[in-house]
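As structure tokens, the structure follows; a few thoughts come after it.
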Amino acid sequence: MDQIIFLGTANAIPAIGRENTHLLIRHGEEAILVDCAANPIVHLQRAGVNFDQINHLILTHFHPDHVSGAPLFLMDLWLLGRKKPLFIYGLEHTLSRLQAMMELYDWRSWPGFFPIEYCIIPVVEGTALLKLRGLEIVASPVRHLLPTIGIRVSFEDIQKTAAYSSDTEPCEEVERLAKGADILIHESAGSTIGHSSAQQAGEVASKAGVKSLYLIHYPAHVTKQALIQEAQAAFDGPVFVCEDFMGIDLTTGA
């Protein structure tokens, strides 16, 4: 199974039925969580994911709508009896702040807490982030309000690739990260500092030569049709608007 599931699709302001943006990469028996908003355990339950499958957590940057659920997620895994390590990946800016946040909870005093392995990603384009059998993830810095990474996921067995911009202004770094990908998941919060509009996401998709564009991290008041029309003004390929618990099956293309 090679699949991407959107656990949340909202921008920084969630709404009923739409949680802050975070997603799940599924590859065989592995499940990789990308960002950690709100109450991840509930969203993973709704997605039908076994918590024990999650051995890797990628944090794109240290804004509350992307990391606020991390302490609760770690505590819940501990309460559920986890013993094996959890690997957490991110820039030094992100991980040092996550560790400081966990210290506020005095987590080292929690008896029998499972090991956490912090894996610092350098601020370098195309950095190898994670490699599993048949799956490779690389990271590149993007242009947001603070240090942030986007990722490119290669499903090697089926020769499919997906790129995720995370929060970013339109930039060449994302174009290079997504070059020739089957799927580009791009934020569409609006044309402001550190963010992109749907049309700008379409422009990035067109320059990168991707096959399809998925819009995420968009405001609740904007209609899906408006987002699609805006993106299609700059991109000729298929455009989709992500919804919570929507999935993309890379194996079948559905």
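The values are calculated or read from the model by the stated rules, or taken from the named source; none is laboratory data. Please read all numbers here as calculations on a predicted model, not as lab measurements. So basically every Cβ, Gly included, is an ideal-geometry build from the backbone, and we count neighbours across all protein chains shown.
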Tell me the helices (runs of 4 or more DSSP H) entirely within segment 1-106 that contain at least 1 residues that are at pLDDT 95 or above. 64-67, 70-79, 92-104
Per the filter on segment 204-227, residues within 25 Å of GLY126 (Cβ to Cβ), surrounded by 18 or more Cβ atoms within 10 Å (Cβ to Cβ) and of a type outside the set (Phe, Trp, Tyr) are VAL204, ALA205, ALA208, VAL210, SER212, LEU213, LEU215, ILE216, HIS217
Please count how many residues of segment 167-226 are part of a helix (DSSP H, G or I) and either hydroxyl-bearing (Ser, Thr, Tyr) or on the phi > 0 side of the Ramachandran plot (or both). 1
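Residues are listed down the side, and each one gets a yes or a no for (1) crowded, with 24+ Cβ neighbours inside 10 Å; (2) in contact (Cβ under 8 Å) with a residue 24 or more places away in the chain; (3) under 16 Å from THR60 (Cα atoms):
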{"site": "THR161", "(1), (2), (3)": "no, no, no"}
{"site": "GLU169", "(1), (2), (3)": "no, yes, yes"}
{"site": "GLU173", "(1), (2), (3)": "no, yes, yes"}
{"site": "LYS179", "(1), (2), (3)": "no, yes, no"}
{"site": "HIS186", "(1), (2), (3)": "yes, yes, yes"}
{"site": "GLY190", "(1), (2), (3)": "no, yes, no"}
{"site": "HIS195", "(1), (2), (3)": "no, yes, yes"}
{"site": "GLN199", "(1), (2), (3)": "no, yes, no"}
Tell me, which residue of segment 101-121 that is under 22 Å from the mean Cα position of the chain (by Cα) and among the aliphatic types (A, V, I, L, M) is surrounded by the most Cβ atoms within 10 Å (Cβ to Cβ)? ILE121
Flagged in segment 228-254 as of a type in the set (A, V, I, L, M) and under 18 Å from ALA198 (Cβ atoms), in numbering order, are ILE228, ALA231, ALA233, ALA234, VAL239, VAL241, MET246
